[in-house]
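One structure is given below, encoded as C-alpha cells.
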Amino acid sequence: MRLRRACRKGGCVLSPSDARGLSDLRIVAGEPALLPVLAALHAAAFAGGEIWDEAALAALLGMDGVETLLAVTEERRALGFLMARAVYDEAELLTLGVEPEARRRGVARALVAGLAARLAARGVRRLFLEVASRNDAARRLYEAAGFQPCGMRRRYYADGDDALVLALDLRMVRS
Ligand SMILES: CC(C)(COP(=O)(O)OP(=O)(O)OC[C@H]1O[C@@H](n2cnc3c(N)ncnc32)[C@H](O)[C@@H]1OP(=O)(O)O)[C@@H](O)C(=O)NCCC(=O)NCCS
C-alpha cells in the first residue's frame with residue numbers, strides 16, 4: 001500500500017534486527033489524510049472477516065486518546081498498522097494488521113514495540129487487548145511481546161470463538 005505523502009518527521013527508525021530484511025522500516029503516526037491507506041490495509045489484513053471502512057476508521061481516528069501507527073518502508077510502502085486507545089493510565093489495542101505478503105518479517109513486532117514506547121512515554125501503565133483463541137499467529141506475537149493472560153470472554157466472536165484478554169505491563173518499557 002503506497003503512501004501519498006512522505007513520512008512525517010519523528011518516525012522511529014528500527015534497526016535491522018527489529019524487522020527482518022526491513023532495515024528501513026519506520027513507524028509513523030497515522031493522520032486523516034492516510035485513511036484510504038488504513039482502510040486498504042485493514043481490508044487486506046482481515047480479508048474474509050469484519051472489514052472496517054474509511055468512515056469507521058475516521059470515527060476512531062478522531063477519538064480522544066487514540067494512537068494510530070503505520071509501518072512504512074523507505075519507498076513509502078505501508079505494510080501494517082495498529083490503532084489503540086488510551087484512557088488515563090490504561091490503553092486498549094483496537095486493531096492490528098499486516099499485509100499478507102509482508103508477514104513474518106517483524107512488522108507487527110515493530111508496531112507493538114513502537115506503541116508500547118509511545119504509551120509508556122505518556123504515563124500509560126497497562127495495555128490490554130482481546131485476541132481470538134484460535135488466532136495462533138497473533139497469540140504467539142503477543143506472548144513473545146510479553147503480554148500475560150488476564151481473562152476470557154466466552155463465545156465473544158461471531159464464529160463462536162472465545163476472546164482471550166491479555167495485558168502488557170508498560171512500566172518497564174523504555175520510552
Ligand atoms: C498477527 C499478525 C499481525 C502478525 O504480523 P507479522 O508482521 O507477521 O508478525 P511478526 O513478523 O512481527 O511476528 C513476530 C512474532 O510473532 C509470532 N508469529 C507471527 N506470526 C506467526 C505465525 N503465522 N505463526 C507462528 N508465530 C507467529 C512469532 O513469534 C514471530 O516471531 P518470529 O518470526 O521471530 O518467530 C498478522 O499475521 C496479521 O495481520 N494477521 C491478520 C490480522 C490479525 O489477526 N490481527 C491480530 C488481531 S488480535
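Every number in this text was worked out from the coordinates using simple rules, so none of it is lab data. Computed from a prediction, not measured in an experiment: that's the story for all the values here. Cβ sites come from the backbone with ideal geometry, for glycine too, and all protein chains shown count toward neighbours.
Would you kindly derive the ³J(HN,Hα) couplings of the range 33-40 from the backbone phi angles with the Karplus curve 6.51 cos²θ - 1.76 cosθ + 1.60 (θ = phi - 60°), listing them in order in whole Hz, with x for Gly and Pro?
4, 9, 4, x, 5, 4, 5, 5
Between the range 29-92 and the range 131-175, what is the C-alpha centre distance in whole Å?
19 Å
Output the peptides 114-120, 56-62, 77-83 sorted from most to least packed, where packing is the average of other Cβ atoms within 10 Å over each peptide's residues.
77-83, 114-120, 56-62
First select every other residue whose beta carbon is under 14 angstrom from the beta carbon of GLY62; then total the charges, Lys and Arg +1, Asp and Glu -1.
Residues close to GLY62 contribute a combined charge of -3.
How many nm separate the modelled label positions at ASP89 and GLU143, each set 7 Å beyond the Cα in the direction of the Cβ?
Label at ASP89, label at GLU143, 3.0 nm between them.
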